[in-house]
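The values are calculated or read from the model by the stated rules, or taken from the named source; none is laboratory data. Not measured: the values here are computed from a predicted model. Because the Cβ atoms are built from the backbone with ideal geometry, glycine has one as well, and the counts that use them run over all protein chains shown. To get the accessible areas, we keep the full protein, side chains included, count just its heavy atoms, and leave off ligands, DNA and RNA. Shrake-Rupley method; radii C 1.70, N 1.55, O 1.52, S 1.80 Å.
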Amino acid sequence: METCDVLIVGAGVTGAAIARELSRYKLKIFLLEKEVEAAFGVSKSNSGIIHAGTQNPPSSLKGRLCVEGNRLIREELSKDLGLTFVQCGQLIVIFDLKDLPALEKIKKEGGELGVKGLEIVDRAWLDAREPNLGPEVKAALYAPTAGIVSPYRFVYALVENAAANGVELKTSHKVTAIRRVDEGGARFEVEAGGETYRTRFLVNAAGLFADEISALAGAPSFKITPRKGEEYLLDKKRGHLVNHIIFPLPSENSKGILIIKTSDGNPMIGPTAHETGDKADLSTTDEGLAEALAGARRMMPSISRGDIIAYFAGLRPACGRDFVIRREDAAPGLITAAGIQSPGLTAAPAIAVMAADILKTHGLGLEPKKEFHRLRPRPAHLFQIPPEETKRLIAKNPAYGDIVCRCEMVSAVEIRDAIKRGARTLDGVKFRTRAQSGRCHGGFCTTRIIKIMREELGLPVTEITKRGPGSELIKGERI
Amino acid sequence: MTERELVIVGGGPAGLAAALAAGEAGVKDILLIERDQHLGGILNQCIHTGFGLHRFKAELTGPEYADRFVKTVEKAPEIEVSLRSFAVKLTGDRVITYLKPGAMEEVKARAVILATGCRERTREMIPICGSRPAGVYPAGLAQKMINLEGWIPGKEAVIVGSGDIGLIMARRMTLEGMKVKAVIEIQKTTRGLTRNVVQCLEDYGIPLHLRHKILKITGRDRVEKVEVVRVDDNFAGIPRSGFEIRCDTVLISVGLIPENELLEMAGAQIDPKTNGPLSARVNFTSIPGIFVCGNAFRVYDLADNVSLDSESAGRSAAEYLGKGSADRGNLS
Ligand SMILES: Cc1cc2nc3c(=O)[nH]c(=O)nc-3n(C[C@H](O)[C@H](O)[C@H](O)COP(=O)(O)OP(=O)(O)OC[C@H]3O[C@@H](n4cnc5c(N)ncnc54)[C@H](O)[C@@H]3O)c2cc1C
C-alpha cells in the first residue's frame, strides 16, 4: 500500500501540468496513467496550437484560462522546459467584408479577456505576410501571441520535470476502484495496476474517462461526450505555404477547419468536429478528408490532396460548453478537471495553478520545496539543430552520426534517449524523435527501431507494440 | 572539406554498376557512400529468384545478383566504399555532406551520381481511411522483417495493390505459414509481372480481386478487418458490392516513388508527378555534373535493366569528367 498527499488520475496535459505545478511543494504525489505511456490520450492527437485566447466567451473559464495558459507557456514554460514554441501568430479570416463586425466582436471580447496585440488587418497586410491565401479572403483578425508546440512533447516535458521534482508517474496503472476511507488523514483508497494507494486528495484529470472516475469516487455524475476531430498533415516540402495559424470565422460548435504549420514544419489541415458516442473511435473518414480539404482550400486553394502524407483523429472530451474545474463537495478531497476540450492544451498550465489554489483552500498545505528544479534540459534532436551543432554532437558521441531514420534524420542516440526518457512503444519513439513520421512512414527504419527497443527494454520482439498491449507488431519469430 | 573526382550516393545495384562503369571508363577517384552496413541495397532482402536472367543468363536471388557486383567493386582500387554513411545534403555546386558514426564529412565532387533508389507509396498516399492500428505495413517493410530479421508480422493478411513486391510477399508469407486472404487491386489489370501473378498467387490459390478497393481499415490496437468494395470506371465504390475480410495484417503495395530529396535540395528540376528528375536523357538532370540512375531516375521492373542503364550513367559521368566517351542513351 502506498500513501500520498495527492493522487492525480490521468497523465495527459492536464494531469501532467497539475503534477508539475504541485511538484514545487513538499508533497508526496502519484500520477497514475492507464496507458503504457503518458500523453497517449486526447493530448497526443490535437492541433498543438497555443491559442491566443480569442474565440471564447469573455465570461467563460476556458477564455480566462486560455489567455493565462498562453502567457505562462510563452513567457515561462517554453524556456524552462526546453519546448519548441513557435510564436507564429494567428489569423481569423473573413471571405466577405460584411463579416467585419463579427471580427470586431471577437476582437473586443478577446481584448476583455486580456489578449494582447489584436489587430484587424486588410488584404494588403495579408498579401505581404501570407501570400498563398486565396482570392476569397478579404481581411483578418491578427493575434500575435498565438503559437505552436508539439503537443506530446509538451506533455513529456511536463512529466519529466515533475518526475525530476519527485512526482511518481505510474503508467499501465488504470484506476479501477475508488473507496472512501477515513484513516490517518487519507480519504480515498484507489486501486490501480494491482496496487492500492491511499490519498488525502484525489485529482480527476482522466480526459475522456473523467465521468467514469467521478462515478467511481461517488461524486455527482456528469457525462463526457467525445467530439471527433480529423486532422490531415501535409508534406514538409509544402511548409512554405503557410506562416500563421489560419482560422475561418468560428461557428457555434467549433473554431472551424484551420490551416496550421506544426512545430516540426508540416502544414496541417483540420480538425473536423463531429460528436461520436464511442470513446475509442479514432477512425478517419472519406467525408472528414473532404471536409478538411474543402475548408482549407477555400482559404488556400493551392493545398491539394496529393500533399497529404499522414492523418489522424482525436476526441475532444466535451462536457457542456466550458471546462469543469471544481472541488466535489459530495466527495470531499476530490478535485475535478474535466471537460477539458479545446483550448485545453493551451490552458493546462493555468488549469494547474487553479487546481493548486482549490487544493490549498481546501486544506492542502503548499509549502515550497527548497530545491525546485524549474529547468528541464532539452533533448537534442538533429532535425532541429544547425550542421555545426550536429558536428559537435558527433564529436562528443559518435552514435549521433549513426542515422536510423533517414527521412527525418534521427540518430541512434536519439532513439535510445527517447527510450530512457520513457518511450515504451513505437509510437512513443515516433512522438519523441520523429523517427517514422516522414515520407516513408517507417518503411526503412522500423526494423532498426524495433531492434534498438528490444535491446534497451530487454523484450522479445513479439512483445514490442505500436501503442500498448494488443498492438503487438510481430506475431512470431523464425527460429 | 575533401575533394573527389566522383561521388556516388547509394550502394544498391544502380550505384554499384555506375561505380564499376565509371572506373572502367577511366575515373580514378570514386567515393561510393551507402547508408546501410552492407552494399547491395534492396536486393539484400529480395531472397527470391528472378534476377540476372538477362545479364548473367542465370536465375539468381537478389543477394547473389548483388554479390557479383559487390565482389568486383571491392577489388577495384579506384573505388572507395564508405558504409553506414548517410548523405544529408547536396548543393548545386556538388558539395555533399554526409554523416557516419563518429563523423560528419563534407566532400566536394567534380561529378555526382545519385543512385538513391526509391521508397514505397504508403497507405496515407492513397489514402485509406479508418483506424491506424498495428499491422499495416508497406510490403517492402514486411519483406525486410521476414527475410532479414526472421520476424513473422501476423497470421492472416490482405495485400493492397498488386505491385511486384506485394505479389512476391503473398507467396513469401504463405510459405511462412501465414494465410494470405486476398490481393486487392483497383485497376483492371495487375501492376506486377505476369510471371509473379502466376508463380506467387495462382500457384497458391490466393484470390486476386481486380477492380476492387479497400474502403476502410478497422481495428483498435491491431488490424481486425478491412472493408472491400468493387469499383466502377471512375474508381468509385459500387453500392452494395462491399464485403469484409477479417485479417490482422494489411500490406500496402501500391507503387514506388523515386527518392530525389538530395537532388531537390541541390536545386534541380523534379517532375512533380513521378518525383524523378526532369530530363530529356536517361540519367541526366538539369544540373550539369549531377546524374541520377536506377530507381531514383525512374522505377524499373528488373534489376538487370537498372544495372544496364546505371552503367551508362557511370560512363556519362566519366565523359563529363573528360574520360572515355559515353553512349547517348535517349529516353525510351
Ligand atoms: C482534434 C483536436 C484538436 C485540438 N486542438 C487543440 C489546440 O490546437 N490547442 C489546444 O489548446 N487544445 C486543443 N485540443 C484540446 C486538447 O487536446 C485537450 O484539451 C487536452 O489534450 C486534454 O487533455 P487532458 O489531459 O485533459 O486529457 P487526456 O490527454 O485524454 O488525458 C487524460 C488521461 O487520463 C488517462 N486515464 C483515463 N482513465 C483513466 C483511469 N481509469 N486510470 C488511469 N488513467 C486514466 C487517459 O489514458 C489519458 O492519458 C484539441 C483537441 C482535439 C481532439
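Once segment A:1-29 is narrowed to residues that are under 20 Å from the mean Cα position of the chain (by Cα) and part of a strand (DSSP E or B), the residue that is nearest to the ligand (Cβ to nearest atom) is A:Val9. Of the residues making up segment A:294-316, those that are over 15 Å from B:Ile128 (Cβ atoms), open to solvent by less than 40 Å² (accessible area, probe 1.4 Å) and out of contact with any Ser or Thr (no Cβ under 8 Å at 6 or more places or on another chain) number 6. Among helices (runs of 4 or more DSSP H) entirely within segment A:366-479, having at least 1 residues that are within 28 Å of A:Gly41 (Cβ to Cβ) singles out A:412-420, A:426-433, A:446-457. Criterion first (among the polar types (S, T, N, Q) and over 28 Å from B:Asn275 (Cβ atoms)) does A:Thr336 satisfy it? Spelling it out, A:Thr336 is indeed among the polar types (S, T, N, Q) and over 28 Å from B:Asn275 (Cβ atoms).
Quick grid of which residues meet (1) assigned to a loop (DSSP other than H, G, I, E, B); (2) farther than 29 Å from A:Ala399 by Cβ:
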position	(1), (2)
B:Leu6	no, yes
B:Leu20	no, yes
B:Leu39	yes, no
B:Lys89	no, no
B:Asp93	yes, yes
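Give segment A:226-261 a look and list any residue that's within 14 Å of chain B (Cβ to nearest Cβ) and more than 19 Å from A:Ser43 (Cα to Cα), or say none.
Restricting attention to segment A:226-261, the residues satisfying the condition of being within 14 Å of chain B (Cβ to nearest Cβ) are A:228, A:230-240.
If the condition is that a residue be within 14 Å of chain B (Cβ to nearest Cβ) and more than 19 Å from A:Ser43 (Cα to Cα), then A:Leu234, A:Asp235, A:Lys236, A:Lys237, A:Arg238, A:Gly239, A:His240 are the ones that fit.
Looking across segment B:117-145, the residues that are buried (at least 21 other Cβ atoms within 10 Å of the Cβ), aliphatic (A, V, I, L, M) and either assigned to a helix (DSSP H, G or I) or at the interface with chain A (Cβ under 7 Å from one of its Cβ atoms) (or both) come down to B:Ala134, B:Ala139, B:Leu141, B:Ala142, B:Met145. Within segment B:273-312, being surrounded by fewer than 23 Cβ atoms within 10 Å (Cβ to Cβ) and in contact with a Pro (Cβ under 6 Å, 6 or more places away or on another chain) holds for B:Asn275, B:Gly276. The set of residues in segment B:215-238 that are open to solvent by 20 Å² or more (accessible area, probe 1.4 Å), touching a residue at least 12 places away in the same chain (Cβ under 8 Å) and not basic (Lys, Arg) comprises B:Leu215, B:Thr218, B:Asp221, B:Glu224, B:Glu227, B:Phe235, B:Gly237. Close Cβ contacts (under 9 Å, 6 or more residues apart or on different chains) running from residues in segment A:465-479 that are more than 7 Å from chain B (Cβ to nearest Cβ) to residues that are in a loop (DSSP other than H, G, I, E, B) and surrounded by fewer than 16 Cβ atoms within 10 Å (Cβ to Cβ) comprise A:Ile479/B:Gly150. Among the residues of segment B:56-79 satisfying the criterion of being surrounded by 15 or more Cβ atoms within 10 Å (Cβ to Cβ) and not in a helix (DSSP H, G or I), which is nearest to the chain's Cα centre (by Cα)? Residue satisfying both the conditions and the ranking: B:Thr61. Only one of the numbered conditions (1) part of a loop (DSSP other than H, G, I, E, B); (2) within 13 Å of chain B (Cβ to nearest Cβ); (3) among the charged types (D, E, K, R) is not met by A:Asp264, and that is (2).
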